[in-house]
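Taking it in order: structure first as structure tokens, then the write-up.
The values are calculated or read from the model by the stated rules, or taken from the named source; none is laboratory data. Fair warning: this is a prediction, and the values are worked out from it, not measured in the lab. Glycine gets a Cβ as well: all are built from the backbone with ideal geometry, and neighbour counts include every protein chain shown. The protein model used for the area step is the full one, side chains on, heavy atoms only, and it has no ligands, DNA or RNA in it. Shrake-Rupley method; radii C 1.70, N 1.55, O 1.52, S 1.80 Å.
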Amino acid sequence: MSGILGMAQDAGMFMVHQTIGSVLCCKCGIRMQPNAANMCVKCLRSEVDITEGLLKRLVLVHCPECESYLQPPRTWVKLQLESKELLTFCLKKLQKNMNINKVKLVNAEFIWTEPHSKRVKVKVSVQKEVYNGAILEQSYLVEYVQQDHMCESCSRVAANPDQWVAAVQLRQHVSHRRTFYYLEQLILRHGAAARAVRIKQMDHGIDFYFSNRSHGNKFVEFIGKVAPVKSRSDKQLVSHDSKSNNYNYKYTFSVEISPICREDLICLPPKAAAILGNIGPIVVCTKVTNSIALLDPLTLKFGFLDAEQYWRTSFKSLLTSRQLVEYIVFDIEPVSSEITVGGTKYVLADAQVARVSDFGSNDTQFSIRTHLGHLLKPGDHALGYDLYGANTNDMELDRYKGYIPEVVLIKKSYEEKRQKKRAKARSWKLKSLNMEVDDKIKVDEDKRDAEYEHFLKDLEENPELRFNISLYQNKDYQPSEVASVTEDDGEPIPSVPDDELLAANLLAAEFDDLDLIEDGDGEDNMAE
């Protein structure tokens, strides 16, 4: 309409400006815009109260231990104060009453109260049709009183902290715990162990205890999605009521993680090589999720083994990351163009390398082929496996004598540059599970700290590894002048960019929606 008026004015035509008429209120006589009731808003509100009959005081049953609220009949929902989920939860209690009174919800917002007041106040705006089709909008305050009552899970834990129904025994038979450091961050990121009543560090693994069988089942399913595992379950009868025919069991889930880890060197058995299209036999594990990614460093052939295929062949690593040897690169010459394999770029190259430990004792050099031609240049240090001097008793390896490379490089080494940098503190940090240590195991503090430091360096060097991990800002970090010195060759040391860091006060897992699950025995519970 405004466009038509503008065109008419441009053409010089005379246009009569439209005005909105006004009438007098039939009650107080003030001028107002006409409506169906011929009354102003103040007079309408004095005549009609559309909030009459609406609920203005309700009770919220609240568990003070797990900060959850009861949704009748038996569902407990974990909600944070003044969150949009809590607001939706409160408004659902009003919906039925509003439908009976034929009012429409327009807006709702929290009114701030002291957290210890046990009160939740919500300002609600509603609309209703009154005299002759006139729409009246009005706001009113709804007060929710928090009534503390522990949920069944918290009651059982409070009565007996060691009481559990399901236990998940997570194990990996390797000489390090780097896999569990990574799994710990995934569990925190996704809140997979939020319902665990107890977490215990064991030799070669971790035990998770749950108060409900369904929580244990869901945790096992989560582990199966992020790691190649095989599992079995068992149950033990605790008590039996012959009159009501009720049985109480304790359930145990045994979950074994594949011993194959990232950066391990593997000599494939013929059966596994046939599944992967006859690659290898010497391959490098480049990634482990619910499947194992294997790369032939001599040909850049690539293959995946899922959990079922792996456990069917069930091979072990020839050499692990704890047996990596440092080499120095004398010369490198690419023999192929850049190739993207499994989402990662590689360049096949011929290289001349020597062990750093040989300096000053002998001049042994190795002419090798490597898949790291895009990263290495003369003078760089690299970590690799020394098959020339390795003492292995692998039967599969003996079949391929004469075809095995003397050295297999795995990754570029930045250790020398880190020592020059001399900066111990990091601008980021990780959260950890509240875990107790089993009294029967002896913890080597130096070994544990070294493995954890190795894990942190892997996160800095590999952006793909930290993709599903929450890293937080370290408030205590203060950049030093020594730490900011750049190297002579201008190549920066790998680090975590600031834009990947979360605020330190954020939770590791934030969910927009609530996921309600129902137990096998008919009990409803909440999982975040």
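The residue that is most open to solvent (accessible area, probe 1.4 Å), counting only those in the range 60-117 that are among the acidic types (Asp, Glu) and outside any strand (DSSP E or B), is Glu65. When the range 174-214 is filtered for residues that are free of Cβ contacts under 8 Å to residues at least 40 places away in the same chain and under 14 Å from the mean Cα position of the chain (by Cα), only Ala192 remains. Checking each residue in the range 72-100 for being touching a residue at least 40 places away in the same chain (Cβ under 8 Å) and among the polar types (S, T, N, Q) picks out Thr75, Asn97. Considering only residues in the range 43-59 that are open to solvent by 30 Å² or more (accessible area, probe 1.4 Å) and part of a helix (DSSP H, G or I), the one that is modelled with the lowest pLDDT turns out to be Ser46. Exactly one residue out of Ala196, Ala192, Ala227 is over 24 Å from Trp311 (Cβ atoms) and touching a helix residue (DSSP H, G or I) at 6+ places or on another chain (Cβ under 9 Å): that is Ala196.
Take the residues in the range 263-277 that are within 30 Å of Pro463 (Cα to Cα) and free of Cβ contacts under 8 Å to residues at least 40 places away in the same chain; name whichever of them is surrounded by the fewest Cβ atoms within 10 Å (Cβ to Cβ). Among them, the one singled out is Gly277. Summed over the range 215-239, the residues that are assigned to a helix (DSSP H, G or I) and touching a residue at least 40 places away in the same chain (Cβ under 8 Å) give a count of 10.
Residues of the range 331-343 include at least one that is out of contact with any Ser or Thr (no Cβ under 9 Å at 6 or more places or on another chain), at pLDDT below 90, farther than 27 Å from Met395 by Cβ and surrounded by 14 or more Cβ atoms within 10 Å (Cβ to Cβ). Every condition in (1) open to solvent by less than 30 Å² (accessible area, probe 1.4 Å); (2) assigned to a helix (DSSP H, G or I) is met by Tyr327 except one, and the failing one is (2).
When only residues in the range 303-324 that are closer than 20 Å to Lys412 by Cβ and open to solvent by 40 Å² or more (accessible area, probe 1.4 Å) count, which is nearest to the chain's Cα centre (by Cα)?
Arg322
Tell me yes or no: at least one residue of the range 184-202 is in contact with a Leu (Cβ under 6 Å, 6 or more places away or on another chain), closer than 29 Å to Val443 by Cβ and not in a helix (DSSP H, G or I). Yes, the conditions are met somewhere in the range 184-202.
Just name the residue that is farthest from Leu87 (Cα to Cα) out of those in the range 128-137 that are in contact (Cβ under 8 Å) with a residue 40 or more places away in the chain and assigned to a strand (DSSP E or B). Applying the filter and picking the extreme gives Leu136.
From the set of residues in the range 128-170 that are over 27 Å from Val77 (Cα atoms) and open to solvent by less than 50 Å² (accessible area, probe 1.4 Å), which is nearest to the chain's Cα centre (by Cα)? Here the residue is Leu170.
The set of residues from the range 173-192 being surrounded by fewer than 21 Cβ atoms within 10 Å (Cβ to Cβ) and farther than 16 Å from Tyr452 by Cα comprises His173, Leu188, Arg189, His190, Gly191. When each of Ser470, Ser480 is tested for being modelled with pLDDT under 85 and among the polar types (S, T, N, Q), the lone residue that passes is Ser480. Of note, Lys123 does not satisfy the criterion of being under 25 Å from Val48 (Cα atoms), of a type in the set (Lys, Arg), touching a residue at least 24 places away in the same chain (Cβ under 8 Å) and open to solvent by 20 Å² or more (accessible area, probe 1.4 Å).
Restricting Ser254, Ser291, Ser258 to those that are crowded, with 21+ Cβ neighbours inside 10 Å, at pLDDT 90 or above and within 23 Å of His173 (Cα to Cα) reduces the list to Ser258.
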